[in-house]
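The values are calculated or read from the model by the stated rules, or taken from the named source; none is laboratory data. This structure is a prediction, so every number in the text was calculated from the model and none was measured. Cβ atoms come from the backbone with ideal geometry, glycine included; neighbour counts cover every protein chain shown.
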Amino acid sequence: MTIADEAMFALETLAERTTGILNPSLRLGVTGLSRAGKTVFISALIHNLLHGGRLPLLAAQRAGRIRSVRLQEQPDDAVPRFQYEDHIRTLVEKRLWPDSTRAISELRLTVEFESASAWGRLLSAGRLSIDVVDYPGEWLLDLPLLEQDYRAFSERAMTLAGSGRRKALARDWLDCAAKADPSGEADEMTARDLAAAFTAYLRVCKDDVHSFSALAPGRFLMPGDLDGSPALTFAPLPGLPDGKPARGSLAAMMERRYEAYKAHVVKPFFKEHFARLDRQIVLVDTLQALNRGPEALGDLENALVDVLGAFRAGSNSWLGSLFARRIDRVLVAATKADHLHHESHDRLEMLTRRIVDRAVERIGRSGATIDVMALASIRATREATVTRDGEELPVIVGTPIAGETIDGEVFDGKRRTAIFPGDLPERTELYFRPPGAVPVAPPLPHINIVRFRPPEIEETGAGLKLSLPHIRLDRALQFLFGDRLA
C-alpha cells in the first residue's frame, strides 16, 4: 500500500468513525476457503439472533439484556445484499445446503440491548449495528499478491507446481510454459493458452479429490464478468530474464497484466471492503484436508499463514481507531464438528490450532486477539452409541445427501443412518511429519467424511422455526462481538 492509499484510508475511517458515534456499528468479515460453510454460518448467526435461538454462551442473551434484533438496510448501496431469507428457505424447507459464495455480499443486523453496568447504560446508546460482510475465500488468497512482484509470483508458483502430488496435476501447464519464450515477442494466443492451462491446473488442485488450498490468483477460479479480460489472461513463466523484461516481449506482457490484476481486482477489494473490517472469522474445512493426507494439510497451513498475514490486525485504541482501522479480533473456526463425535472435538481444535500456529504468533504480536475453535453452524447430526462385537462405538446419526456412498451403499437422501466417523489421535503432530519420514505405525486413522442433509427443524404452533441447532456458534458470537454488547 502506498502512502497515498494509507492517507485515503485514514480520511475514510475518520468519516465513518464520526458517523458511528451516534450510530455504533461493527463490520464483521466472514470468509473461508472452498466449501468451509460461510453461507451457512451467516444464515445461522442471523436466524438464531432474530428468533432468540439457544445461545447460552452469548452473555447478553443469557442475561436477558437483548431487547430486540432486526434486519435493516445495509450501508453500502453498491454491494449485493446477503439473501438470508432465500438461504433459510433452502436450509429449513428444502433441507438443502445453499450454494457457495460466489461474490461479495452484505447484510446489517441491528441489536438493541441493555448495558450490563449502570455507567454503560448512562453512556451507551444501547444499540449496535453489525454489518456482516461475506466474501469468497478465493479473493482472500489474492491479498498476499499485493506484496509480490511478477517474478516472485512466478518463482513461487513454479516451485509449488513442481512439488509432491501437484507435479502430476501441473504437467500440461508446465509443458505449455516450458515451450514459451519469455524474451520472445508478445503473442495473444500464447498468453491465452498459458492462462487456460494454468487455470485448469488450479481447478484440478481445488477438486475434492485433492483439496489443495494455495490457489492464487483466486479470480482465475471464479472470474465473473472479468472472464476473458487481459487482467485474467496471464500466467507464471519459468526462466525469466534478469532485470526488467524487454518492451514487447511475452514476459513484459505477462508482467503488465499481473500488475493490472493487482491494480484493478485485488487492490479495490482490499480498499473498499477488506480494509474496513473490525472483526474477522475464517472458516476452515480441516477435516477435508485431513482426509487428503499430510500434503493437503501442509498446503492448507501455508495458505492460511499467507492470508492471515495479509490482515490489518492490531489493537484499536480510542484515538488511533479514528484514523486507522484494524481487525482487533480474529477467529479461526474448524467447521463440520458435527461430522465427529464430541470426544474428538478438542483434537480437531488442536489440529486446526497447529495449522495456524505461525499466523497466530504473528497476529498476537500485533496486539490483536485470536482464537481457534471447532464448531458446526448448523448441526446436521446427533450422537448415539451402537454395539458391535460386544464393543460400544460412538456414532453420529443423520441423513446422508443423495448419492453419498458408505461401504458400497448409495444413499437416496431420505434414509437416516448411523456411522462411526473414526477418532482423531491425541498426538496431532503425527499429521505434520516431513515428506519421506518413516510411516506411522499403526497408520493414522481414516475419518469417514459423509455429507449430511440439514436437520429437520420443528415448528411452533404458529409455524415459526425458532432455533437452528449448532455446536459452539454461541461461543463464536461471544468472541466476535459479545464485548460490544456488554
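A few points about this structure:
- Contact map, segment 356-382: first residue on the phi > 0 side of the Ramachandran plot and in the same structural domain as Leu300 (by TED's automatic domain parsing), second residue of a type outside the set (Phe, Trp, Tyr) and modelled with pLDDT of 90 or more, Cβ cut-off under 9 Å, separation 6 or more or different chains; pairs are Gly367/Asp328.
- Neighbours by Cβ (under 8 Å, 6+ apart or cross-chain): first from segment 459-477, more than 27 Å from Met373 (Cα to Cα); second among the basic types (Lys, Arg) and modelled with pLDDT under 95: Glu459/Lys465
- In segment 378-436, the residue that is farthest from Ile42 (Cα to Cα) out of those that are surrounded by 12 or more Cβ atoms within 10 Å (Cβ to Cβ) and charged (D, E, K, R) is Arg433.
- In segment 380-395, the qualifying residues are those that are part of a strand (DSSP E or B) and among the hydrophobic types (A, V, I, L, M, F, W, C), and the one that is nearest to the chain's Cα centre (by Cα) is Val395.
- Extreme residue, modelled with the highest pLDDT, among residues of segment 89-99 that are surrounded by fewer than 20 Cβ atoms within 10 Å (Cβ to Cβ) and aliphatic (A, V, I, L, M): Leu96
- In the condition set (1) part of a loop (DSSP other than H, G, I, E, B); (2) of a type in the set (A, V, I, L, M, F, W, C); (3) modelled with pLDDT of 95 or more, Phe481 is compliant with all but (1).
- The residue of segment 114-130 that is modelled with the highest pLDDT, among those that are touching a strand residue (DSSP E or B) at 6+ places or on another chain (Cβ under 8 Å) and either basic (Lys, Arg) or crowded, with 22+ Cβ neighbours inside 10 Å (or both), is Ile130.
- For the residues Met189, Met253, the requirement of being surrounded by 21 or more Cβ atoms within 10 Å (Cβ to Cβ) and at pLDDT 95 or above singles out Met253.
- Residue ID - surrounded by the most Cβ atoms within 10 Å (Cβ to Cβ), chosen from residues in segment 51-75 that are without any contact (Cβ under 8 Å) to a residue 40 or more places away in the chain and more than 18 Å from Phe479 (Cβ to Cβ): Leu71
- Residues of segment 315-346 satisfying the condition of being over 18 Å from the mean Cα position of the chain (by Cα), at pLDDT 90 or above and outside any helix (DSSP H, G or I): Leu340, His341
- Ala197 touching a Gly at 6+ places or on another chain (Cβ under 8 Å), farther than 22 Å from Gly293 by Cα and surrounded by fewer than 20 Cβ atoms within 10 Å (Cβ to Cβ): no
- Residue check for Asp76: over 29 Å from Val450 (Cβ atoms), in a loop (DSSP other than H, G, I, E, B) and under 23 Å from the mean Cα position of the chain (by Cα): yes
- In segment 134-176, the residue that is nearest to Pro238 (Cα to Cα) out of those that are among the hydroxyl-bearing types (Ser, Thr, Tyr) and in a loop (DSSP other than H, G, I, E, B) is Ser163.
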